[in-house]
1. How high is the FRET efficiency from ASP104 to SER247, r the C-beta distance, R0 30 Å, rounded to 0.05?
2. Does the chain come out rounded, prolate or oblate by the C-alpha gyration tensor, with a ≥ b ≥ c the root eigenvalues, rounded set by a/c under 1.5 and, if not, prolate when a/b is larger than b/c and oblate if not?
3. Got a sec to turn the phi values of the range 95-112 into Karplus ³J(HN,Hα) couplings, 6.51 cos²θ - 1.76 cosθ + 1.60 with θ = phi - 60°, whole Hz, x for Gly and Pro?
4. Before anything else, pin down the relative contact order of the chain: Cα pairs under 8 Å, at least 6 apart, normalised by residue count, whole percent.
5. For the range 231-289 and the range 114-176, write down the distance between their C-alpha centroids in whole Å.
6. Relative contact order, percent, of the range 397-508 when contacts are C-alpha pairs under 8 Å separated by at least 6 residues?
7. Take PHE271 and ASP401, extend 7 Å from each Cα along the Cα→Cβ direction, and tell me the distance between the two endpoints in nm.
8. Of the accessible area of the range 303-431, with the probe set at 1.4 angstrom, what percent is carbon plus sulfur?
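The values are calculated or read from the model by the stated rules, or taken from the named source; none is laboratory data. Since the structure is predicted, the reported quantities are computational estimates derived from the model, not experimental observations. When we count neighbours, we look across all protein chains shown, and the Cβ atoms used for this are built from the backbone with ideal geometry, even at glycine. Accessible surface is based on the protein model in full, side chains and every heavy atom, while ligands, DNA and RNA are left aside. Shrake-Rupley method; radii C 1.70, N 1.55, O 1.52, S 1.80 Å.
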Amino acid sequence: MSNWSDGYLTDINYTYGYYKELSPKHIIVPLLLEGIAVPEIKNACELGFGQGISINIHATAGTAQWYGTDVNPAQTAFAREVAKKANNDAILTDQSFAEFCQRDDLPEFEYIGLHGIWSWINDENRHIIVDFIRRKLAVGGILYISYNSLPGWAATSPIRHLMNIWNKNMASSTDDYKDRVERAMHFGEKVLAQSVGLTQNSAEISNFLNELKNKNFRYLAHEYLNQNWQPMYFTEVSDYLEPAKLSYVCSANYLEDFYDVNFSSEQAQLFDSLPAQARVRQTTKDYMLNKRFRRDLWVKGGYKLNPKRLNMLRGQLKFMLITERDKVSLSVTHHRQAQLYPEQINSILDILADKKPHSVNEIWEAVNKEHIVNEQLLFVLLTLLYTKQDLVLVQEQEQIDSVKERCHALNQYLFELAQSSSETPYLASPVTGEAVICGQIDALCAFGVTKGLKSPKELAKFIWDIFKPQGTALRKENKILQTDKENLAELESLADKFNKETLPMLRQLGIIA
Ligand SMILES: C[S@@+](CC[C@H](N)C(=O)[O-])C[C@H]1O[C@@H](n2cnc3c(N)ncnc32)[C@H](O)[C@@H]1O
């Protein structure tokens, strides 16, 4: 650990995650569902961008000018390389929050996002960030912030504490982080086995430790061995953000707010009886659902749109179906499962089945009004299908045209990375302004298609010619495939699936011509 990082772990780099919640496009539907004005986002900022996958995808496929910082210079170097390849003009620095937030050459931002930061930094840095948001978030601007929440962590935080204590006091500085994570978990198991009073009081605690074994060790190192870690109640986060003139809007993920997939009828009744204050409602929700992580949208001075303007703005949005129509599931699952009414969803899918973009106005004109009785209900159903990722929100044609070339350049680089690693399985879509998460083999199949290859056989050979010299082999049913023939056969079957399922979607999303 270095002293320039304020205690944040820097000797092991973070994972290459992509988070669509960090996309300014992603705020449009939740805000309009809440009836809140959506700012035009010219300048956007991501604090603590990690490996910079999200910021680079959004700077490439969207139209905002991006700024971002992450104190880890190795991660920033990678992120800058990606930005250079994509030619996306993102301004990426390795400044600490303390340095970056004091810069006097930054514009006002209509959007500031921080994912996986708030709970993992010290309080001084939290205050630096809040002060930055107070000064630099434009009026009407949106903050996306995620954090570990209480009471969800109350029962299991002793595991984190134990692993952290092991790391601070018993790890040797020469241990690599994979070993450290494993040994810290093993220590946790040994201690818990002798902590009957604790485990009897909390059935969750031992199961939780077992589940950690399936997680990525880089994630575990950052979550469990990092110096700072502070889960918070919603009201505690509100105490920081409200003085910066922010008000809570809603979750960035509509499934968090959709009653039917969260509450039993008794819970819904209690929730409905509460006063309007977000502090009471969100706290009650977090208790009823034992929430461990929140992804929230806050606004600085957001105002409610009048019903006519709201309808007009919703009406202009364009949605496109990307799931095969007969594969759209009518069940929605979050904390609970709920069934959508088939007549309502089918009435929408009848219009979207051609897999072309359709505006909400167009859908409203054509939809069966016996089943979808008003525009509010239509927008809720479209939001659900969008949150379930059956639909995407399509950018304006002008925006698509302006970002096409950059997306192509970025995707070429992501193809290049996919040849030697499965860690960056993302492709940038000019149509949505966001990423598609596709997997290494699909990315390589897509690469092959851009080179004019078509049949599964050709694609399989193309990939095997990349993998074989690297000593990479495929895995099937938990066995590593040994021969060329076995690997080629497996690749051919994966390429066949790609041609049938993924390729049409990549074409729809403008990733492949
Ligand atoms: C848990 S990671 C999350 C990264 C990224 N947002 C993601 O979700 O993939 C936290 C990130 O914050 C960065 N960070 C921690 N303290 C920082 C500081 N004081 N100034 C700038 N960046 C910091 C770390 O280098 C790390 O990449």
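1. Numbers: r = 28 Å, r/R0 = 0.92.
Using R0 = 30 Å, I get an efficiency of 0.60.
2. Working: a/c = 1.32, a/b = 1.04, b/c = 1.28.
Rounded, since a/c falls under 1.5.
3. 6, 6, 4, 4, 6, 4, 5, 8, 4, 9, 10, 9, x, 6, 10, 7, 9, 10
4. On the way: 824 pairs, mean separation 83.9, N = 513.
Rounded, it is 16 percent for the chain.
5. Measuring centre to centre over Cα atoms gives 20 Å.
6. Details: 110 pairs, mean separation 22.8, N = 112.
Reported relative contact order: 20 percent.
7. Going from the PHE271 label point to the ASP401 one covers 4.4 nm.
8. Numbers: 3150 of 6530 Å².
In the range 303-431, the share of accessible area belonging to carbon and sulfur is 48 percent.
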